[in-house]
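The values are calculated or read from the model by the stated rules, or taken from the named source; none is laboratory data. On a predicted model such as this, the values are computed, not experimentally measured, just so you know. Every residue, glycine as well, gets a Cβ built from its backbone with ideal geometry; the counts of neighbours run over all protein chains shown. Only protein heavy atoms, including side chains, enter the accessible area calculation; ligands, DNA and RNA are left aside. Shrake-Rupley method; radii C 1.70, N 1.55, O 1.52, S 1.80 Å.
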Amino acid sequence: MTQSKTLPGGFAGSLTGASRRRFLQMSGATALGAGVLPFLKALPASAQAAETLVVVTGQTINSLDLHRTGTNRASYQVAVNVYDRLVSFGTKETPDGGLSYDYETIVPELAESWDIAEDSITFHLKPDATFWDGKPVTAEDVRWSFERAVTVGGFPTVQMKAGLLVEPSQFEAVDEKTFRVKLLHPSKLTLPDLAVPVPIVINSEVAKANATADDPWAMEYLHQNPAGSGAFKVTRWDPGQQLVYERNDDWAGGPLPGVKRVIVREVPNPSNRRALLERGDVQINFDLPNKDAQELAESETVSIFSTPIENCIHCVGLNYSFEPFQDPDVRKAVAYAIPYADIFQTAAYGRGAPMWGGDAAVETTDWPRPFPYETDLDRAREHLAKSGFASGFEVPLSISLGLADWMEPTALLIQENLAKLGIAATIEKIPGANWRTACLVEKRLPMHLENFGGWLNYPCYYFFWAYKEGHLFNSSNYANPEVETLVDETLHMPTDNPEYAPKIKRLFEIAIEDLPRIPLWQPALNVGTNGATGYEYWFHRQLDARGLERS
Amino acid sequence: MAGRLKTILSRVAQAAPVVVGVVIVTFVLTRALPGDPAVYFAGAAADEASIAEIRTALGLDKSLPEQFVLYVGDLLRGDLGESISTGQPVVTELARRLPASLELTLTALLLSCGVAIPLGVLAATRPGSWADHLCRVLVTAGVSLPTFFTGLALIYVFYYLLGLAPTPIGRLDFIYLEPPRVTGFFLVDAALAGDWETWWGAARQIVLPAVTLALFTLAPICRITRAAMLQALSADFVRTARAAGLTRPTVIYRYAFHNAMLPVITTLGMVFSFTLGANVLVEKVFAWPGIGSYAVDALVVSDYAAVQGFVLAMALLFVALNLAIDIAYTLIDPRIGFEN
């Protein structure tokens with residue numbers, strides 16, 4: 001825990017209105033001894049003084065409340081930095097020397113300990129945990145917040161359900177500092193699901209005071225005004241421009257953050273973000289394009305962290321409702337025809353992990369795992385010749401315009417190689433707003449690119465979403481009774497159960513044989529730093545500012 | 001004067017059908033866009049029930065006529081709805097972003113006029129001279145370089161290589177606070193507040209984007225000024241003025257230039273409108289929180305309220321702009337009046 005010396009007075013307060021004036025007076029005295037201008041003189045000085053950290057990102061934060069309808073992915077970082085959960089994940093080092101969250105370890109955040117029983121988990125809250133307004137965090141706040149998450153619908157409710165948190169009656173405030181979750185049935189997913197950004201603990205008194213009859217969950221209020229106990233408060237939010245975090249010095253959830261203030265600035269143009277980072281005007285460039293990451297990797301001033309995104313695979317979907325793809329030899333012909341290495345270099349600039357050329361024998365339960373296919377046009381031709389479509393066929397290859405940066409080069413390279421087999425693929429570009437309906441809901445795209453990634457890092461969780469019949473990310477209309485049984489059996493089973501590994505390996509073998517999805521590569525999240533340390537990769541792919549420091 | 005006021009009012013009245021038309025057309029067009037916003041905003045992992053809830057929350061479960069009646073009702077109360085992609089009321093968003101775009105566009109146009117009009121006049125009065133050639137080079141360069149390219153090139157040279165320009169991250173560097181809001185134009189507001197440090201900060205930020213846009217708008221203004229001046233200079237009244245022995249400045253500026261202003265003003269109106277459109281690229285490059293990038297982002301995700309609000313605001317802006325130009329005509333040339 002490092003805590004740098006704080007600037008005098010007013011900096012800790014809000015930067016608007018009265019405290020701005022207070023700030024001007026305070027810093028005026030120290031910086032210049034004159035009253036009017038010193039805000040400008042003092043702030044850059046403080047920025048140098050290891051107090052402030054500037055982050056640029058191309059994404060827009062559109063709400064400060066994750067539970068709200070329409071809250072986008074970029075806004076999840078607010079839930080991470082501003083609110084606490086009961087528990088969090090630990091930290092581990094990655095092979096390249098960076099930091100990553102550790103899926104294996106669950107650590108306390110608001111709960112100091114928990115007891116796991118057959119039918120419930122009981123959490124004991126930290127006695128000194130308080131919200132920003134000084135009110136102690138109580139079990140009732142937790143209960144109210146969880147009830148909100150399972151009631152408001154949309155993404156939060158779906159994510160809670162993944163951990164079998166469905167009914168408000170499952171949550172019980174036993175006493176002031178004891179909170180109990182009743183389990184519908186035991187699952188290894190419940191505890192990790194309490195560490196994702198969704199089950200945040202909100203100051204229920206503040207929220208209720210701002211709720212209305214039409215809006216019992218204070219969605220309108222919390223959208224603009226967070227009320228939490230987290231490591232940072234939001235002092236300023238200019239939608240579409242910037243978000244300013246200010247450290248909460250009374251944070252009980254973990255080690256106090258190393259910087260006093262974090263400014264997240266939105267800069268849409270990636271070249272500008274890169275220039276800002278290289279010049280050292282900002283300390284972190286979050287989510288760089290693969291191309292910039294590759295080019296900056298050799299830089300001496302800038303450090304690049306490219307972390308393969310856990311449980312996420314870019315893949316080609318072969319739709320079983322399209323007649324040629326019902327033939328196993330056609331599917332294998334396609335798998336051997338894909339120019340994996342070229343795609344990885346062209347579309348991903350070599351960032352991430354290859355998902356081809358793996359061992360044919362399934363020895364481990366590691367996931368994502370490379371499938372045992374590689375580019376081999378002769379074998380592709382053999383398979384096609386054996387199939388019922390030896391003379392080739394025509395197929396549309398669909399991509400989303402919203403994800404064109406990797407989908408378009410990938411599709412072009414696949415198209416080129418399929419042509420060599422006599423399979424005429426025409427590239428069909430679908431607008432981003434239509435993509436989900438066409439690809440995931442109607443599942444009507446014969447051949448398409450897909451990139452599901454699961455937050456909960458278990459292979460059975462991936463198979464649950466992507467291989468079970470009718471499930472959302474099973475865009476290939478794949479249906480196999482054995483997969484159904486195996487996924488149902490393994491989904492909630494503890495990983496140390498002796499039956500777990502054999503069943504998972506069997507799932508892998510089926511996926512490799514049946515090929516509804518052909519893995520291409522595991523994408524990476526690229527982050528560049530210049531003058532900051534402590535960047536940690538998280539599965540939610542958003543900035544966790546709590547461990548950052550200036551260097 | 002009273003006659004003029006009356007005609008202005010009648011002009012405003014004439015604009016009403018245009019606005020009504022815009023309201024109807026944008027409503028129908030946004031609904032005709034591909035994509036289902038409820039599905040989009042429910043998020044990738046949502047199930048049928050939550051999509052249905054969101055559809056109800058957005059009012060999209062009602063029939064189109066019903067939705068239209070509700071929309072018009074809200075509109076009459078001054079409520080443009082809430083943008084789902086930015087999570088803010090459209091009115092708030094427009095009120096904040098429109099001044100940003102206007103400030104940039106107007107600064108660029110002032111800059112552009114300041115260069116283009118004198119240059120055009122010089123080129124016309126001294127055809128074949130260096131000024132004429134410079135005019136031609138500038139015009140060709142300005143038209144042939146796309147704005148995003150000029151913008152990136154300027155950033156590369158003045159920020160990345162030379163370090164002269166401030167960080168290209170919008171209207172103000174993060175070390176400044178927004179000036180107290182009066183007009184929404186930072187340069188004006190900072191000056192009104194007497195906060196010259198912030199004024200200087202805002203001015204430094206606006207230079208590069210304004211120059212980028214100005215380069216783009218230089219060409220038409222310069223060419224039209226030159227052509228109009230050439231025409232005016234060869235007109236009978238100029239020959240008469242010269243024959244009467246008036247001095248060269250009087251001939252050129254009092255008579256020829258005054259008469260050449262009309263086509264220049266017309267062009268300015270057109271340039272202004274397409275510059276607001278061309279802003280999108282410049283806004284994206286310079287992270288300028290303007291109205292163009294707002295509209296494009298909203299369009300991509302079928303954010304109905306934001307798109308409708310944007311189109312409506314632009315329609316009103318152009319009605320006002322055309323009116324202003326018509327009035328400017330009558331001030332410049334008394335022969336032109338409103339037809340009644």
Can you find, within segment A:248-270, the residue that is farthest from A:Asp405 (Cα to Cα) among those that are within 8 Å of chain B (Cβ to nearest Cβ) and among the aliphatic types (A, V, I, L, M)? A:Ile263
So is A:Phe508 touching a helix residue (DSSP H, G or I) at 6+ places or on another chain (Cβ under 6 Å), part of a helix (DSSP H, G or I) and in contact (Cβ under 8 Å) with a residue 40 or more places away in the chain or not? no
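So that you can scan it fast, the table gives a plain yes or no per residue for (1) surrounded by 18 or more Cβ atoms within 10 Å (Cβ to Cβ); (2) closer than 18 Å to A:Thr71 by Cα:
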residue: B:Phe41; (1), (2): yes, yes
residue: B:Glu53; (1), (2): yes, yes
residue: B:Leu75; (1), (2): no, no
residue: B:Glu82; (1), (2): yes, yes
residue: B:Thr125; (1), (2): yes, no
Criterion first (closer than 22 Å to A:Ser75 by Cβ and without any contact (Cβ under 8 Å) to a residue 40 or more places away in the chain) does B:Arg96 satisfy it? no
Scanning segment A:154-176 for residues that are in a loop (DSSP other than H, G, I, E, B) and buried (at least 20 other Cβ atoms within 10 Å of the Cβ), the one farthest from the other protein chains (Cβ to nearest Cβ) turns out to be A:Leu165
Given the conditions (1) among the charged types (D, E, K, R); (2) closer than 23 Å to A:His223 by Cβ; (3) assigned to a loop (DSSP other than H, G, I, E, B), report the number of the one that B:Lys62 does not fulfil. (2)
Among residues of segment A:305-343, those that are assigned to a helix (DSSP H, G or I), of a type in the set (A, V, I, L, M, F, W, C) and in contact with a Leu (Cβ under 9 Å, 6 or more places away or on another chain), counted: 7
Reported set for segment A:218-254 where residues are small (Gly, Ala, Ser) and either out of contact with any Phe, Trp or Tyr (no Cβ under 6 Å at 6 or more places or on another chain) or part of a helix (DSSP H, G or I) (or both) is A:Ala218, A:Ala227, A:Gly240, A:Ala252, A:Gly253, A:Gly254
Only one of these is in contact with a Pro (Cβ under 9 Å, 6 or more places away or on another chain) and either outside the structural domain of B:Ala306 (by TED's automatic domain parsing) or not hydrophobic (A, V, I, L, M, F, W, C) (or both): B:Glu66, B:Glu53, B:Glu93, B:Glu48. Name it. B:Glu93
Report yes if some residue within segment A:293-302 is part of a strand (DSSP E or B) and hydroxyl-bearing (Ser, Thr, Tyr); otherwise report no. no
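The rows are residues; the columns are (1) among the acidic types (Asp, Glu); (2) within 18 Å of A:Tyr103 (Cα to Cα).
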residue	(1), (2)
A:Ile504	no, no
A:Glu509	yes, no
A:Pro523	no, no
A:Val527	no, no
A:Trp538	no, yes
A:Gln542	no, yes
Quick one: which residue in A:Asp214, A:Asp193 is in the same structural domain as A:Arg143 (by TED's automatic domain parsing), open to solvent by 60 Å² or more (accessible area, probe 1.4 Å) and of a type in the set (Asp, Glu)? A:Asp214
Report whether or not A:Pro257 is out of contact with any Phe, Trp or Tyr (no Cβ under 8 Å at 6 or more places or on another chain) and not assigned by TED's automatic domain parsing to the domain that holds A:Ile518. no
For B:Tyr71, work out the one condition from (1) at pLDDT 85 or above; (2) open to solvent by less than 40 Å² (accessible area, probe 1.4 Å); (3) within 24 Å of B:Val211 (Cα to Cα) it doesn't fulfil. (3)
Tally time: how many residues in segment B:282-310 are more than 21 Å from B:Glu103 (Cα to Cα) and of a type in the set (Ser, Thr, Tyr)? 2
Is it fair to say A:Ile430 is of a type outside the set (S, T, N, Q) and more than 12 Å from chain B (Cβ to nearest Cβ)? no
In segment A:512-551, which residues are of a type in the set (Asp, Glu) and either part of a loop (DSSP other than H, G, I, E, B) or open to solvent by less than 10 Å² (accessible area, probe 1.4 Å) (or both)? A:Asp544
Looking at segment A:234-251, which of the residues that are aliphatic (A, V, I, L, M) and open to solvent by less than 20 Å² (accessible area, probe 1.4 Å) is farthest from A:Gly58 (Cα to Cα)? A:Val244
Return only the number of the condition from (1) within 14 Å of another protein chain (Cβ to nearest Cβ); (2) part of a helix (DSSP H, G or I); (3) more than 30 Å from B:Ala13 (Cβ to Cβ) that B:Ala306 does not satisfy. (3)
Subset of segment B:273-294, residues buried (at least 24 other Cβ atoms within 10 Å of the Cβ), under 15 Å from the mean Cα position of the chain (by Cα) and of a type in the set (A, V, I, L, M, F, W, C), comes to B:Val282, B:Trp288, B:Ile291
Does A:Gly453 satisfy being at negative phi and touching a Cys at 6+ places or on another chain (Cβ under 7 Å)? yes
Tally of residues being within 20 Å of B:Asp303 (Cβ to Cβ) and either more than 7 Å from every other protein chain (Cβ to nearest Cβ) or part of a loop (DSSP other than H, G, I, E, B) (or both) across segment B:45-59: 7
Per the list (1) open to solvent by 40 Å² or more (accessible area, probe 1.4 Å); (2) among the hydroxyl-bearing types (Ser, Thr, Tyr); (3) within 10 Å of chain A (Cβ to nearest Cβ), residue check on B:Tyr329 breaks on (3)
Candidates A:Glu450, A:Glu499, A:Glu549 - the one that is over 16 Å from the mean Cα position of the chain (by Cα) and more than 30 Å from A:Arg274 (Cα to Cα): A:Glu499
For segment A:28-68, name all the residues that are surrounded by 23 or more Cβ atoms within 10 Å (Cβ to Cβ) and modelled with pLDDT under 80. A:Ala42, A:Leu43
From the option list A:Arg148, A:Arg180, single residue qualifying as of a type in the set (Lys, Arg) and open to solvent by less than 30 Å² (accessible area, probe 1.4 Å) is A:Arg148
In segment A:271-291, the residues that are farther than 15 Å from B:Tyr159 by Cα and either within 14 Å of chain B (Cβ to nearest Cβ) or surrounded by 23 or more Cβ atoms within 10 Å (Cβ to Cβ) (or both): A:Gln283, A:Ile284, A:Asn285, A:Phe286, A:Leu288
Looking only at segment B:130-165, count every residue that is within 9 Å of chain A (Cβ to nearest Cβ) and either assigned to a loop (DSSP other than H, G, I, E, B) or open to solvent by 20 Å² or more (accessible area, probe 1.4 Å) (or both) and tell me the total. 5
